[in-house]
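The values are calculated or read from the model by the stated rules, or taken from the named source; none is laboratory data. This one's a predicted model, so the numbers in the text were calculated from it and none came from an experiment. FYI the Cβ positions are ideal-geometry reconstructions off the backbone, even for glycines, and counts take in every protein chain you see. Protein only, heavy atoms only, side chains kept; ligands, DNA and RNA dropped before computing areas. Shrake-Rupley method; radii C 1.70, N 1.55, O 1.52, S 1.80 Å.
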Amino acid sequence: MNAETLQRWANPRVILVATNLADAQILTFHATSQARESGAKILLVHVLRPPSLQSEFDPPPASLLTGSQEAVAWEVLDRMTRLIEWQGAPCEPLLAHGDPVAEIAALVQSREVDRVIVATRSARGLERLLAGSVAEGLMSAVDVPVCVIGPHVVAGALSAMPGGQMLVALSLQHDRADCLRFAGLLASRRRSALTLMHVVEDGRRTEQERATARDAAQTSIAALAASVPGIPPGASIVIREGAVAKSILSSDICPEWDLIVMGASSRGVVTKLLGNSVVDRVIADARCPVITIRPSAEQQRSLRLSEAEAQFLNRTGGTEQIRHR
């Protein structure tokens, strides 16, 4: 990722806010707070699904009483726009028709959007499969950072005030430099303290092997931080052990975070049904917004090849070969 793009992401000029209208209160606060940080314009977008794409799980607009669906949508968008502009951020309401993910992804391209903000209920099981999750779809479909407001986030998180604590959750399975560079730029702009975390997952290992894995992760993250411009020397490095999402959200440190930055990746049908990816679980329980960045096409190809190789070696008894490579 080039430096100009990362700078634009950290200092956005256009922020697209995707609303289902029922999430107006929480989205209005977070959209305004983030837009004021950089003087960004807000594109406030609601997409009306055609009957063929609707399901019984679609949330109704907060003010749905009488009148046409489109008229009610414009009513809520107008109210949200006036509130956002009253709080000091320019806002343009837009109403589209079609598949929400496809329509929003097209707007991201055509309107040169630098960041997307969306709320999610983090549904599970059949509801997730039938109704889908716009937030989940956008994390996989757009190339700009997606800020997801989960069901436990309160209005005060990630306020426009400078300072606070930012967490970057890093994997060692793929290139994390872009994610870390973006987080460093954003932390610098917000004057936030930065913590880099990696979680060594559970496994059948001796205590010596576990200690070696922790030391190796510490060295890898430190080397990465030192190689990425803009990461302050005082950034904290935390190595945890256990389930990844649970470790990130551990009660002894999670309340400190004002923002979590993570990498996003594509999802299969099982993951979509269960909502059980690390990113899904973090968003479902985090008390602060989570910004995800999708790997580039080249990084995604590399990751798929690595996963395929690991599966092949596992089937053929060659896991030790990849583990120690």
Within region 140-181, which residues are open to solvent by 30 Å² or more (accessible area, probe 1.4 Å), in a loop (DSSP other than H, G, I, E, B) and at pLDDT 85 or above? Asp143, Pro151, His152
Six or more apart or on different chains, Cβ atoms under 9 Å: show the pairs whose first residue is in region 204-231 and under 22 Å from Leu6 (Cβ atoms) and outside any loop (DSSP other than H, G, I, E, B) and whose second is open to solvent by 80 Å² or more (accessible area, probe 1.4 Å) and not hydroxyl-bearing (Ser, Thr, Tyr). Ala225/Pro233; Ala226/Pro233
Can you work out which of the residues in region 98-122 that are part of a strand (DSSP E or B) and within 13 Å of Asn20 (Cα to Cα) is most open to solvent (accessible area, probe 1.4 Å)? Ala119
Per the filter on region 200-220, residues touching a strand residue (DSSP E or B) at 6+ places or on another chain (Cβ under 7 Å), at pLDDT below 90 and of a type outside the set (D, E, K, R) are Val200, Ala213
Go through the residues of region 79-97 one by one and say whether even a single one is of a type in the set (Asp, Glu), at pLDDT 90 or above, farther than 22 Å from Met1 by Cβ and outside any helix (DSSP H, G or I). yes
